[in-house]
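**Student:** Questions regarding the structure given below will be posed in turn.
The values are calculated or read from the model by the stated rules, or taken from the named source; none is laboratory data. Please read all numbers here as calculations on a predicted model, not as lab measurements. Glycine gets a Cβ as well: all are built from the backbone with ideal geometry, and neighbour counts include every protein chain shown.
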Amino acid sequence: MTRLTRSPRVAADFIRRGAVVAFPTETVYGLGADVFQPDAVARIFEAKGRPADNPLIAHIASPAQVELLARRVTPAAEKFMEAFFPGPLTLVLPRQPSVPSVVTAGLDTVGIRMPRHPLAQAFLAACDTPVAAPSANVSGRPSPTTWQAVLTDLEGRIPCILQGGATEVGLESTVVDCSESTPVVLRSGAISLEALQAVMPQTVLTAEQQGPARSPGMRYKHYAPQARVHLADRAEAVPQATRQAWIGLSEPPRGRFARARVCSSLEMYAHLLYAFFRECDRAGMETIWCERVPDRGLGRALMDRIRRAAQG
Ligand code: TXA
Ligand code: MG
């Protein structure tokens, strides 16, 4: 039985008792457990079918909780926290020895994020402990941007979902390794490289994040719907076929696609992408064509997720 609630206090009681709870953030829904209860954290991996070697992000209610998790806050991390906390940014820092290794997958670092979603903030404050949480999807599926998507993936496998609306950003947080002197972007997100560089000009992308030419990595089987995903420069160039869908900024030719979503901005494109992937699977689409956008700002995060889905 999965209990649905709109009360952050009710959801926080599950966390304190060592259970897992799905909760909304401004990026995607997370599946949380108390960082300091290793058995509870282990249940996250079970429920999702997540490989144990993939570390979790610790979510905090206030900057004061950073010291429970990080043994050192580097100058870069200080600056990013000041500029972007709370928000869709995860900082990787050297971990405190007290952080259980099930959270960090045995790494000597820990990812830390303070969400800005009001319901997430109320929930995390009521938990009174940092909450380890990956996205609340079955491993390999697109991250959930609604509580209904969480229910589809995890009904009966988790005891509680904290219900909020559709998540604002729609893509997972930017992950920046701040454990060394040069900040390195491990995953692109709504806090763009350009925004990070405005605060710390030496910030770089990892090879993984450098765009079309990067080498195929083992983490590609991520974010993928059942339908095949392709990038397209123009809807007009997509060959006629049945059961194909379109999402992008431009209006496709009439009749070319069984289903189409035209987004009015990059923000809207990011907001709708995963929900559209799931909708296309339900509707039995075989192929989803995604319009290419320039690899900068939020566009870099969008292209990253779509390329990964295309590899899936
Ligand atoms: O927006 C988000 O980040 C969402 C919401 C729920 O906060 N969470 C999320 O978690 O997307 P997840 O587990 O699906 O993705 C976390 C990413 C993974 O790529 C993981 O490898 C990386 O962050 N990560 C976490 N801790 C790390 C660490 N110590 N070092 C390097 N990468 C880390
Ligand atoms: Mg995930």
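**Student:** I'd like to know if the range 23-46 contains one or more residues that are part of a loop (DSSP other than H, G, I, E, B), at pLDDT below 95 and surrounded by 15 or more Cβ atoms within 10 Å (Cβ to Cβ).
**Tutor:** Checked against the condition, which is being part of a loop (DSSP other than H, G, I, E, B), at pLDDT below 95 and surrounded by 15 or more Cβ atoms within 10 Å (Cβ to Cβ), the range 23-46 yields no hits at all.
**Student:** Another one. When the residues of the range 117-150 are narrowed to those that are more than 14 Å from ligand 1 (Cβ to nearest atom) and surrounded by fewer than 19 Cβ atoms within 10 Å (Cβ to Cβ), which ends up nearest to Q226 (Cα to Cα)?
**Tutor:** Q148
**Student:** Restricting attention to the range 261-312, which residues are under 19 Å from the mean Cα position of the chain (by Cα), without any contact (Cβ under 8 Å) to a residue 60 or more places away in the chain and either crowded, with 19+ Cβ neighbours inside 10 Å or over 24 Å from I191 (Cα atoms) (or both)?
**Tutor:** If the condition is that a residue be under 19 Å from the mean Cα position of the chain (by Cα), without any contact (Cβ under 8 Å) to a residue 60 or more places away in the chain and either crowded, with 19+ Cβ neighbours inside 10 Å or over 24 Å from I191 (Cα atoms) (or both), then Y269, F276, E279 are the ones that fit.
**Student:** Now for a separate question. Quick one: how many residues across the range 154-184 are closer than 22 Å to R95 by Cβ and either surrounded by fewer than 24 Cβ atoms within 10 Å (Cβ to Cβ) or not aliphatic (A, V, I, L, M) (or both)?
**Tutor:** Counting residues in the range 154-184 that are closer than 22 Å to R95 by Cβ and either surrounded by fewer than 24 Cβ atoms within 10 Å (Cβ to Cβ) or not aliphatic (A, V, I, L, M) (or both) gives 12.
**Student:** Ok, one more. Pick from A52, A40, A77, A58: which is over 21 Å from G189 (Cα atoms) and touching a strand residue (DSSP E or B) at 6+ places or on another chain (Cβ under 9 Å)?
**Tutor:** Residue meeting the stated conditions: A40.
**Student:** When the residues of the range 140-152 are filtered to those that are assigned to a loop (DSSP other than H, G, I, E, B) and closer than 23 Å to M114 by Cα, which remaining residue is farthest from ligand 2 (Cβ to nearest atom)?
**Tutor:** Ranking the qualifying residues of the range 140-152, first place goes to T146.
**Student:** Let me ask something additional. Out of V169, V175, report the one residue that is in contact (Cβ under 8 Å) with a residue 40 or more places away in the chain, part of a loop (DSSP other than H, G, I, E, B) and near ligand 1 (Cβ under 9 Å from one of its atoms).
**Tutor:** V169
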